[in-house]
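Written below as structure tokens is the structure these notes are about.
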Amino acid sequence: MADQNARTFIRGVERRLAPIDREILRAEWRLAVARSRTGAAFWQERRHRVLSDPELLAQAHRLRPGKAASLLRRRFDLLERAILATRIEQDPEVVTRRSRLQETVTAFRPTWHGRRVGRAVVYAALRKNPDREERRRAFYAEDPVYRSVEDDLRELVALRNEKARAFGFRSFPEFQLSFDGFSVARLETLMEDASRHVPWAVKRWREVFEDHTGERTWYPWDVDYARELMAGLPDRAFPARGMVASVLKGVEAWGFPRSAFRFRIDRHDITSGGYCIAPDPPRDVRIVVHPGHGWHEYATLFHEVGHAVHSASIRAPTHLLRWHEFVPGFGAPSEGIGEFFELIPASEAWLRTRRGLSADRVEPFVEAQRTDRLRLMALMVGWIRAELGLYLRPERDPGKETARYGRAVLGYDTYAQRSFADSFFIDLPIYATSYLFATLLRPHLLRALLSEVGGATWPNPKVGPWLADRWFRPGSTYDWGPRLRKVTGRPFSAKAFNEALAPRSG
């Protein structure tokens, strides 16, 4: 009888939540692709009203099943997470401030040579323009909008801290990281460990840049360009026309069923390279990416298709068990799958399928992609520490902290700091840690997968079924840390990452 009452209760809650949650993400989609400024805040406030009802929480505590391993108990666990996250990040005050900042940043268009352009234009200039002054201009192109929101962002950060402390957390980062089983102190230790091999990689990239350009100074706007110098591939091998078909064909070689590809893809100028939204997985899954061409754009689409295939493959029975990307604590496995799909465009086998790419272009590129993981790790750690500083050390200037890190780790010469603000700091607070966890997850998963199914990384029709069975179908029925240990036989750490990226002799 007790379990029946619990099922009736949680079923009723999920029925109320499901349409609200779908509308929140559909509103976010409209904001990205149609610049619509209505909807998201309304539905977020409605969700807050539902989940902030004191009687709801009291009933949840009273009816919570005692069997820790049951799916019914899991649904109650996820509901309590949703209640806590909603009462903090979806608090009406937070929603109002965040929505205003989101609209400001989303509506901005950088000025480039006297005209308003999409962000993809300046991102491409950072990677490929041989004119150093042009790259510098691209680096600062979004600075006006971010400087304009700095004060409001600080107020939003303070408000998030205040809401988290009201629920017993020392800070908002401690609250957010708790869903992943982490603390700020443990995160700091992990970042330090994952940065072990960064110095030699940074030294190598700078040497390549100096050899090619003759420049003896080194700035943030030189880093992406140095990667292109070391092993860039011609854009003609990755045309805009046919990009979607090429990416989908590459993913199909992993053996996923046709049902895994039931999602839509749109191209619009957005504040990041691309993202996937799943308002109602597995039935309603959507991707949006920048219009463009080149290897980087293909890799971004592979990443987003990974998210989409993940969401379209979920077969969990109820809303909270299906809606993994919006449940706190699932950013890391979600981004980890996106990163895993980036293995395809970084593989020699797939690159050799591109017209006009010879072995003497492909082989150094593949090796460069391997070491580039360390460059990305360094940038990611700096990004995370800048955001943590906003919450944990609000009295300090984040720009100065960023400059210190840039000099100490990346070897930058002195330059004028950009705004500390970032669209992720507004939209997805402390979400950058999910990318860190994801980067470390990938070698764990790859090692376990290949040890079981054998064969090459790509093409390999056994990869898709393995991923679907181990990671996709269950949705949010498990937490990623314990699941990783069960699947791989190893606890989560930076060990596999460091082993894969240790300097090679010769």
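What follows draws every value from the coordinates through simple rules; no lab data is involved. None of the values given here were measured: they were computed from a predicted structure. Every residue, glycine among them, receives a Cβ derived from its backbone with ideal geometry; neighbour counts consider all protein chains shown.
When the charge dipole of the chain is built from unit charges on Cβ atoms (+1 for Lys and Arg, -1 for Asp and Glu) and taken about the Cα centre, the candidate among Ser423, Ala332, Gly12 whose Cα reaches farthest toward its positive end is Gly12.
Size of segment 170-213: Rg and Dmax of its alpha carbons, in Å, are 16.8, 49.
The loop-placed trypsin sites (Lys or Arg not before Pro) in segment 312-370, going by DSSP, that have at most 16 neighbouring Cβ atoms within 10 Å of their Cβ come out as Arg315, Arg352, Arg355.
For segment 283-373, report the % of Cα-Cα distances exceeding 14 Å. Roughly 71 percent, rounded to a whole number.
Where the only charges are on Cβ atoms (+1 Lys, Arg; -1 Asp, Glu), what is the dipole of segment 338-440 about its Cα centre, to the nearest 20 debye? Can you show the working numbers first?
Details: 14 positive and 14 negative charges, 33 e Å.
Dipole magnitude for segment 338-440 comes out near 160 debye.
Spread over its residues, the convex hull of the C-alpha atoms of segment 47-154 is 162 Å³ per residue. Label-to-label distance for Glu210 and Arg485 is 4.6 nm, based on points extended 7 Å past Cα in the beta-carbon direction. Each helix, a run of at least 4 DSSP H residues, gives -39500 (n - 2.57); summed and divided by the residues of the chain, these come to -19500 deg cm²/dmol at 222 nm.
Straight-line cross-link reach from Lys495 at under 21 Å between alpha-carbon atoms covers these lysines, not counting any fewer than eight positions away in the same chain: Lys486. Rg and Dmax, both from the Cα atoms of segment 142-258 and both in Å, are 22.0, 56.
Under the combined filter of DSSP loop state and at most 15 neighbouring Cβ atoms within 10 Å, segment 352-407 retains these GluC sites (Glu not before Pro): Glu395. This model, with +1 at the C-beta of Lys and Arg and -1 at the C-beta of Asp and Glu, gives segment 192-501 a dipole about its Cα centre of some 900 debye.
For the pair segment 280-345 / segment 230-246, the C-alpha centres are spaced 21 Å from each other.
Computed over every Cα-Cα pair of the chain and binned at 10 Å starting from 0, the pair-distance distribution P(r) comes out as 4, 18, 30, 29, 15, 4, 1, 0 percent. The trypsin sites (Lys or Arg not before Pro) found in segment 111-200 that occupy coil by DSSP, while having at most 16 further C-beta atoms within 10 Å, are Arg170, Arg196.
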